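All remarks here apply to the structure that follows.
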Amino acid sequence: MSSAASIQRKTVDVTALLVAPGVGLVLLLFLYPFLYGFLLSFSAHEGVGLRNYVKFFSTPFLSQTIATTLWISFPATVVNIGLALPIAFATRRHRLQRLLTAILVVPITLGTVLIAEGLLLYLGPQGWLNRFLLVTHLSTSAIHLTHNYWGVFLSLVVSGFPFAYLLLLSYLTGIDPVLPQAAATLGASPWRQFIHIYLPLLVPGLAIAFCLSFVQAFSVFPSAVLLGAPAGPTRVISIAAYQAAFEDYDYPMASAIAMIMAGVQLLVVVLILAIRVLFYRGPTVGPKG
Amino acid sequence: MRDGALTAKLWAGLIWVVIGFFIVNVFGLIAAVVVNSFATRWLGTWLPAGFTLQWYGSAWSEFQLDSVLIVTVEVVFAVVAISLLVGVPAAYALARRDFRFKRAILLLFVLPLLVPPMTYGIPLATVLYRLHLAGTIVGVILANLVPAVPFVVLVVTPFVEQIDPRLEAAARVFGAGTFRLFFHVLVPLLTPGILAAGLLVLVRTIAMFELTFLTAGPDSQTLVVALYYSVFAAGIRAGQSVDAMAVIYMATTLVWLLIALRFVNPTQLVTRVKE
């Protein structure tokens, strides 16, 4: 037994070391650049300090990007989660569910650049949507959905709704079906099962899905440039960071904006998780027996 | 009771109307790109005046698609190969062993998947520029490894956990060395997991815009970044040739997605975070 234990101990070290290359890579390419950017954001042409941050918050052209981005990303996230929750619930055991998930994964896979180009054509003044609205007399003139707020908002729904749906679906299917079955046996209608069983159990998943959807929407970039009005109403914070880095070559300022971006995202995530703590915490699986 | 049944029916109907509406619009935006790429002239009508293949030829030469495609293939396969080589052993260690800082290491692997690429991409690009790696294909590969390696780790770990440790013990008892244990026992048993992780990383890397965009130079653009620049500069080129390129990008992505969907569940494309 003691020799077996010693062999065991010898292999433990070697096997555990297999994690080292992966850890090293993430440390070097993720954590180190982040810390480097954090330190860099405090440096300016004349020494060290908060100059970049002061400049960001005292220049409306820069600081407004936070409000602009929130104004697009928050409503988009609410719509995405608001649509995804009932749809994921209704289709969680549907026979067409696998087909539906396969279709919904397409816009995620194609990515925001292609969605932006497609929406430019589809929503544009000559596009099929406006043509349909005019032919059916639902609208008397072409509605403007590109190169403004709505273009970006709709692109966030096209890419964000499937993401939220797939996330929530995986949380919903993780809930032990025994619990709602027990409720049904006691006479609870599907609606009451949802309110009293699923929803409380889903709160953690819902909070995570909301955070992830929001963080994705908040960092919107290609569609804000291609489909929005990047000089004005859709000048989001990513555009400001990109311009600082690649047009002004002001890497300290770009790092500061990236840190502010991360800070706002973190703040919203902490806020959501703080709200989530007010709700039920516990297992989503029923007692075995 | 009948009232309840009616509301339930109406509700179900409403759900499918919303799903249908969404799918019709997504299909519409994809079809608009495909139709336009074959269009001779398309103004103020449901369908173009005529159809032609000429835009594919002009897109190919205008956007130097042959070199863009070569770069894309190089980047994607390097990222898949390296992330599997680094990620699978890490997943094995995490599934099989308990060690110090394991929770911190797990957090380290989850973070790059939760933080959006645009947020960490700018500091990463800054570091790569300082190292003179940005603008090169090596820089693009390094940047794309940041989400790819953690993704492989998270996808493969449950597959390792499913393998009975007694199989490894048995192989050891019969005298298999680490090398033979790995290639004759673990790799065959892990094939579904490795295949799933590899295909998912492949699809995600083809579509990864932000990191490639921030780190690529003129000679190291992948297809999706080249597409961005051509849409960005719309007006200089004919819209149809931009869309011909978009269709080539779409075909590349969707073929691999179809292959991937044979082996994985669509929900796996989205990060799953355990509480």
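The values are calculated or read from the model by the stated rules, or taken from the named source; none is laboratory data. None of these values were measured; they are calculated from a predicted model. Cβ sites come from the backbone with ideal geometry, for glycine too, and all protein chains shown count toward neighbours. Remember, those area values only see protein heavy atoms, side chains included, never the ligands or the DNA or RNA. Shrake-Rupley method; radii C 1.70, N 1.55, O 1.52, S 1.80 Å.
For the reader, a short list of remarks on this structure follows.
- Exclusive hit being free of Cβ contacts under 8 Å to residues at least 12 places away in the same chain and not assigned by TED's automatic domain parsing to the domain that holds B:Tyr229, set B:Leu131, B:Leu43: B:Leu43
- Restricting A:Ile260, A:Ile208 to those that are open to solvent by 10 Å² or more (accessible area, probe 1.4 Å) and over 26 Å from B:Leu128 (Cα atoms) reduces the list to A:Ile208.
- Residue count, the range B:17-33 (criterion: more than 7 Å from chain A (Cβ to nearest Cβ) and buried (at least 16 other Cβ atoms within 10 Å of the Cβ)): 1
- Applying the criterion of being open to solvent by less than 10 Å² (accessible area, probe 1.4 Å) and small (Gly, Ala, Ser) to the residues of the range A:220-238, the residue that is nearest to the other protein chains (Cβ to nearest Cβ) is A:Ser238.
- Some residue of the range A:16-33 being away from chain B (no Cβ under 11 Å) and under 30 Å from B:Val149 (Cβ atoms): no
- Those helices (runs of 4 or more DSSP H) of the range B:156-275 in which at least 1 residues are buried (at least 21 other Cβ atoms within 10 Å of the Cβ) and touching a helix residue (DSSP H, G or I) at 6+ places or on another chain (Cβ under 8 Å), considering only elements entirely within it, cover B:187-207, B:210-215, B:223-232, B:239-263.
Let's see how each residue does on (1) facing chain B (nearest Cβ under 8 Å); (2) closer than 20 Å to B:Val35 by Cα; (3) open to solvent by 30 Å² or more (accessible area, probe 1.4 Å); (4) of a type in the set (Asp, Glu):
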{"position": "A:Arg95", "(1), (2), (3), (4)": "no, no, yes, no"}
{"position": "A:Leu119", "(1), (2), (3), (4)": "yes, yes, no, no"}
{"position": "A:Pro125", "(1), (2), (3), (4)": "no, yes, yes, no"}
{"position": "A:Ile143", "(1), (2), (3), (4)": "no, no, yes, no"}
